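Got a structure for you, questions after.
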Amino acid sequence: MLSYDVIFDKLKKSPFRSRFKLSLQDKLYIKEKGVSTIAMHARDFVKNRLAPAFIPNDGKQTPMRHHPVFIAQHATATCCRHCLCKWHHIPQNKSLSDEEQKYIVNIIMLWISNQMKL
């Protein structure tokens, strides 16, 4: 796993990753639900969609819209196990540890926090 500063610097240089932004509707949803609820959603999505060792639909399990966490996952390359391996050096084909899951949720929530300031 990389430090937060290192990964965010790398992500900024990616034309694909840097094009993701929260919409006004996403920001309103976050304000309505609260950051703690969004963090809970992020933990659930990571636990259920990324943490298992084998994911039959890896690469397709995270939609590109309809929830701020999904947008954040694509922006931070935490959307699938392939991207986690490529960008964050988290090996594929093994269950994610609690520490790895916390790291992923922290990256997602940091990105969301930065977007809310814009």
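The values are calculated or read from the model by the stated rules, or taken from the named source; none is laboratory data. The model shown is predicted, which means the values in this text are computed figures rather than measured ones. Cβ sites come from the backbone with ideal geometry, for glycine too, and all protein chains shown count toward neighbours.
In the set PHE70, PHE16, which member is free of Cβ contacts under 8 Å to residues at least 24 places away in the same chain and aromatic (Phe, Trp, Tyr)? First the steps, then the outcome.
Numbers: PHE70 fails: free of Cβ contacts under 8 Å to residues at least 24 places away in the same chain.
After applying the criteria, what remains is PHE16.
Hey, another quick one. Report, by residue number, each residue of segment 19-28 that is part of a loop (DSSP other than H, G, I, E, B), in contact (Cβ under 8 Å) with a residue 60 or more places away in the chain and of a type in the set (D, E, K, R).
Narrowing segment 19-28 to residues part of a loop (DSSP other than H, G, I, E, B): 19-23.
Applying the additional criterion that residues be in contact (Cβ under 8 Å) with a residue 60 or more places away in the chain yields 21-22.
Once the filter is applied, which keeps residues that are part of a loop (DSSP other than H, G, I, E, B), in contact (Cβ under 8 Å) with a residue 60 or more places away in the chain and of a type in the set (D, E, K, R), segment 19-28 yields only LYS21.
Another question about this same structure. What's the total number of residues in segment 29-58 that are among the small types (Gly, Ala, Ser), surrounded by fewer than 17 Cβ atoms within 10 Å (Cβ to Cβ), touching a residue at least 24 places away in the same chain (Cβ under 8 Å) and part of a loop (DSSP other than H, G, I, E, B)? Don't jump to the end; show me each part of the working.
Going through segment 29-58, the residues among the small types (Gly, Ala, Ser) turn out to be 34, 36, 39, 42, 51, 53.
When the remaining residues are screened for being surrounded by fewer than 17 Cβ atoms within 10 Å (Cβ to Cβ), the result is 34, 36, 39, 53.
Then drop every residue that is not touching a residue at least 24 places away in the same chain (Cβ under 8 Å), which leaves 39, 53.
Filter once more, so that each one left must be part of a loop (DSSP other than H, G, I, E, B): 53.
So the answer is 1.
Looking at GLN25, GLN73, which one is polar (S, T, N, Q), surrounded by fewer than 18 Cβ atoms within 10 Å (Cβ to Cβ), under 15 Å from GLN115 (Cβ atoms) and at pLDDT 95 or above?
After ruling out the rest, the residue left standing is GLN25.
Residues being surrounded by fewer than 19 Cβ atoms within 10 Å (Cβ to Cβ), in contact with a Pro (Cβ under 9 Å, 6 or more places away or on another chain) and in contact (Cβ under 8 Å) with a residue 24 or more places away in the chain: count how many of those fall in segment 76-118.
1
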